[in-house]
1. Restricting attention to segment 418-433, and to residues there that are open to solvent by less than 50 Å² (accessible area, probe 1.4 Å) and either of a type in the set (D, E) or part of a loop (DSSP other than H, G, I, E, B) (or both), which single residue is nearest to P725 (Cα to Cα)?
2. With the requirement that a residue be closer than 24 Å to Q620 by Cβ, open to solvent by less than 20 Å² (accessible area, probe 1.4 Å) and either assigned to a helix (DSSP H, G or I) or basic (K, R) (or both), what does segment 258-295 give you?
3. What do you reckon, is L197 in contact (Cβ under 8 Å) with a residue 40 or more places away in the chain and farther than 23 Å from H66 by Cα?
4. Quick check, is V405 touching a residue at least 40 places away in the same chain (Cβ under 8 Å), farther than 18 Å from S296 by Cα, open to solvent by less than 50 Å² (accessible area, probe 1.4 Å) and touching a Gly at 6+ places or on another chain (Cβ under 8 Å)?
5. Looking for something in contact with a strand residue (DSSP E or B) (Cβ under 7 Å, 6 or more places away or on another chain), open to solvent by less than 30 Å² (accessible area, probe 1.4 Å) and over 22 Å from Y510 (Cβ atoms) - is there at least one such residue anywhere in segment 337-354?
6. If I go through segment 453-471 residue by residue, how many of them are in a helix (DSSP H, G or I), open to solvent by 60 Å² or more (accessible area, probe 1.4 Å) and of a type in the set (S, T, N, Q)?
7. Can you find a residue that is touching a Lys or Arg at 6+ places or on another chain (Cβ under 8 Å) and within 25 Å of G372 (Cα to Cα) anywhere in segment 318-325?
8. All but one of (1) part of a helix (DSSP H, G or I); (2) open to solvent by 20 Å² or more (accessible area, probe 1.4 Å) hold for D575, so report the exception by its number.
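The values are calculated or read from the model by the stated rules, or taken from the named source; none is laboratory data. What you are looking at is a predicted structure, and each value in this text was computed from that prediction instead of being measured. Methodologically, a virtual Cβ is constructed for each residue, glycine included, from the backbone with ideal geometry; neighbour enumeration extends over all protein chains shown. Ligands, DNA and RNA are excluded from the accessible area calculation, which covers all protein heavy atoms including side chains. Shrake-Rupley method; radii C 1.70, N 1.55, O 1.52, S 1.80 Å.
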Amino acid sequence: MVTTHNLGFPRIGRQRELKFALEAYWQGESTLAELIAAASNVRQTNWQHQAALDFIPVGDFSFYDHVLDMTFLLSNLPERVKGFDGHELDNYFRLARGRSQQTNHPHHECCSGVRAGEMTKWFDTNYHYIVPEFSHSTTFQLNPSRIINFIQEAKASHSRIKPVIIGPVTYLALGKAKDDTNKLDLLTKLLPVYGELLELFIENGIEWVQIDEPILVTELDSQWQHAFNTAYHHLKFCKINILIASYFGQLKDNLYLATNLPVAGLHIDVSDNQSEIQPVINLLAPHKILSLGVISGRNIWRSDLTAILDWLEPIANQLKERLWIAPSCSLLHVPVDLANEDKMDKEIRTWLSFAIQKIEEISLLGSAINQGRGTLQDQLNKNKAIIETRRSSARVNNHQVQERVKAIHSNMGQRKNPHSIRVTKQQALLQLPVFPTTTIGSFPQTKEIRSTRNKYKSGIVSFTDYSQAMKSEIERCVREQESIGLDVLVHGEAERNDMVEYFGEQLNGYVFSQAGWVQSYGSRCVKPPIIYGDISREKAMTVDWTVYAQSLTKKPMKGMLTGPVTMLNWSFVRDDQPRSTTCKQLSLALRDEVLDLERAGIKVIQIDEAALREGLPLRQELWQDYLRWAVECFRITANGVEDETQIHTHMCYSEFNDIIEAVAQMDADVITIETSRSDMELLEAFEHFNYPNHIGPGVYDIHTPNIPNSQEIKQLMEKAAQRIPVQHLWVNPDCGLKTRRWDEVIPALENMMKAAYELRESIVS
C-alpha cells in the first residue's frame, strides 16, 4: 500500500485570512488574541483540506517565515532583539519587519524599532526568508512551545501527523556569519538542540518527522557533505523515524550521500525528471522508505495522471509499502484553491491545479495504485481528455509570434555606443547633480486607490472617472517628489495592481486568477499571472500615464517597466516549451513598449529585473546557459534606444555577487539594488570587479515601517563610496514604496534627500 503525504501547505488562508489578521494586528486594529485565533482557524482549515492523505504536515504553518520560526525554535536571536519583554510574537515580528504592533504610544514595547533581519530569496523561488545570523557568541537553546502547541492542536482532530522542520545543515547553510565564524563549527552546538527536539516529539507521540534539507540538490564540497554525515549519525540515536526531504532539483553528486544517511526515509523531487529513481532505489537500504515528489509543487498545471501512473506503478510493485508519494515540495508556492476562480476562462481553468487540487491528485494517484486503475477509470479518463485538449488547443500557439522570435538577431541587443560615451550625452541632456536621487517606482497604494481600481474593474465607475482619479494621484506623487527635491521622478504607479500582473493583463497569452495569491514574504502576497500561450502586445501599456506625469514637471520622469526575465520568473509559466523561448517572446513585446516610451519623449526608462537572480539554476553547471539567454532577453528589451536615453534596471534582495559579470553584461546605464538590510555587504563584489556603469545602492529599507535618519543614510552611502567611484553613485530606496504609508515615506525620503545634500557638500568642500 502506497502512503500519501504532503510536505507543506500554503499558510496565508484561502481568502488571505492570515494576511489581513497580521496587518490588523500590526496596525493596532486587533488584539494578539484575535491574531492567534485567526491563525488557528487557518491551520485547522489547512489540515482539513489534507485529511484524505495518510500523513498531514504540522509546523509548516508560520506567522511570517518558516526559517525565522527555526531561528526562534533554536533561540538564535541577534543581540538587538534580546531583552525585550512581552509576548514572543512581538519580538518575532520585530526581527521580521523591524517592529511589531503600531500604537499611539512611542515607548510601547511592541513599537520599539530595531534593524530587521536581512531578507533574501528561498533557493530559486520568489519566496523571501529572514536570514539567520551567526557569530562567535552564537548559542542555541530549545524553545519548542509553538511547534508543540501546533502538534497538540493537530492531534486533537487528526491521527497521523508529521512535524516539519528545517534540517541542521540547511539551516547553517542558509545563514550568514557576521564575523569570521565558520558556520560549520556551530554544528556541534546545534545538534544537541535538534536531539532534544526529536526526543520531545517522541514524548508527544510522534512517529515520523520530516526534516527538510533542500541544499542536498546543490553543489556541496567535502566539508558540507561531511556535515550531513556528522549530523545524522548524531541524530540516529533518537528513536523516531526521520524522513529527509530534498526538493527543487536532483541529488546528482549528493545521491550516494543522501541514500546512505542513517535515517528512515528519503524524499526526492521527481516531478520533472525521473532518471534518479532507480539509482536511488539501488542504493537505498531495503528497510528505508522512498518518498517520491510525483507532481510539481511549484506550477499550477494539472498533472497528467495516466502518464505518472505508467512509470509509477512499476515502482510501486517493486517497493510496495516502502513507497510514499507527495508533491515535489511544499505547496507554499502555489495558490490555495482553484474553486475560487469562477470568473476565469472556463477552458483554461480546467488545465489548472492549485494546492487543494494537487492534494486531490496525490490522493487519486494513491487510490489508483492501492485499488487499481479500474476503480477510478472515469476520473482518469476525464483527466486524460483535459490534458489532450490543452495540448491541441489553437489558443496556445501564435505563428506570427513564433516567426518573430526566429528573426531575433544579435544587433537587437546592442546599444549604439558604450556606456562611457552614452553617459556624457545623457548628462548633457538630464543635467543631474552628483549623487542624483530617485525612487524605485511605486508610491503608497492607499485604500482609496485600490477601491477606485476595483470599482473600475467591476464596472461601477467609468473609465473617465477612473482616469481622473489616477491622474490626481499621479499629480500628488509628482508634487510630493518636487517638494522633497528628488532629481529623477516617477509617476507612482497608482494604476498598477502588481508589477507583473499589470503588464500581463495587457499582453496576449496570459490569463489571470481572482484569488491565486501566493506568499512572497510575511503578509505580502502576490498573484502571479499565468502564461498559457504565445506572448504578444497589441498596444502601448504605460505611455499615456507616463507622458501625463512628465507634462506636470520639468524634471526627468522615469518610464517604469517590468523586465522580461522578471515577467517570466514571477509568472506561472507554460510547461510545453523552453522557458527561454517564452522569455524571448516577452522581450520582444516589452521592446516595443520601450521604443514607444522613447518616441513619446521619455528619456529615462527603468526596466526592473528583480527576479533575474532567483531564476538562476541551483546547480552552477547550468548557470551559464541561463545567464546567456536571460541577459540576451534584457538586452533585446532595453537596447534599441538612442544613446541619450538612460536605461535603469532594479534588482531586489538578490545575492548577485557571484553573477556580477553577467549583471554588467546587461549594460544598463544605472542599476539600483537592495543594500540597506545587508549594511552594504552586497557591494563587496565591487572590491574585485570594476563595474563600468552607474549604481544606486538602496539606503532605505522599505520592508519595515522604521524611518531611517539622514545620518544613517549618509553613512551607508559613505560605505558605498569606499568601493564605487562617487561619480557613479545614485541615492535611492531599496525597492518600491507601494506597501508603505505616506506618513512613513515622506519623512524617509526627506531624510534621504538631506543625506544627498550633505554628501554633495562634502564633495565640494
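1. Of all residues in segment 418-433, those open to solvent by less than 50 Å² (accessible area, probe 1.4 Å) come to 419, 422-423, 426, 430, 432-433.
Adding the requirement that they be either of a type in the set (D, E) or part of a loop (DSSP other than H, G, I, E, B) (or both) leaves 432-433.
Details: L432: 16, P433: 15 Å.
Here the residue is P433.
2. Within segment 258-295, A258, T259, V280 meet the criteria.
3. Values: in contact (Cβ under 8 Å) with a residue 40 or more places away in the chain: yes; farther than 23 Å from H66 by Cα: no.
So L197 does not fit the description; no.
4. Working: touching a residue at least 40 places away in the same chain (Cβ under 8 Å): yes; farther than 18 Å from S296 by Cα: yes; open to solvent by less than 50 Å² (accessible area, probe 1.4 Å): yes; touching a Gly at 6+ places or on another chain (Cβ under 8 Å): no.
For V405, the condition - touching a residue at least 40 places away in the same chain (Cβ under 8 Å), farther than 18 Å from S296 by Cα, open to solvent by less than 50 Å² (accessible area, probe 1.4 Å) and touching a Gly at 6+ places or on another chain (Cβ under 8 Å) - is not met.
5. Our first condition is that a residue be in contact with a strand residue (DSSP E or B) (Cβ under 7 Å, 6 or more places away or on another chain); within segment 337-354, this holds for 338, 344-345, 348, 351-353.
Then keep just the ones that are open to solvent by less than 30 Å² (accessible area, probe 1.4 Å); that gives 338, 344, 348, 351-353.
Checking the rest, the ones that are also over 22 Å from Y510 (Cβ atoms) come to none.
Checked against the condition, which is being in contact with a strand residue (DSSP E or B) (Cβ under 7 Å, 6 or more places away or on another chain), open to solvent by less than 30 Å² (accessible area, probe 1.4 Å) and over 22 Å from Y510 (Cβ atoms), segment 337-354 yields no hits at all.
6. Going residue by residue through segment 453-471, those that are in a helix (DSSP H, G or I) are 453-457, 463-471.
Those still in the list that are open to solvent by 60 Å² or more (accessible area, probe 1.4 Å) too: 454-457, 463-465, 468, 471.
From the residues that got through so far, the ones that are of a type in the set (S, T, N, Q) too are 454, 464, 468.
The number of residues fulfilling the criteria is 3.
7. Looking for residues that are touching a Lys or Arg at 6+ places or on another chain (Cβ under 8 Å) and within 25 Å of G372 (Cα to Cα), one finds at least one in segment 318-325, hence yes.
8. Result: D575 passes all but (1).
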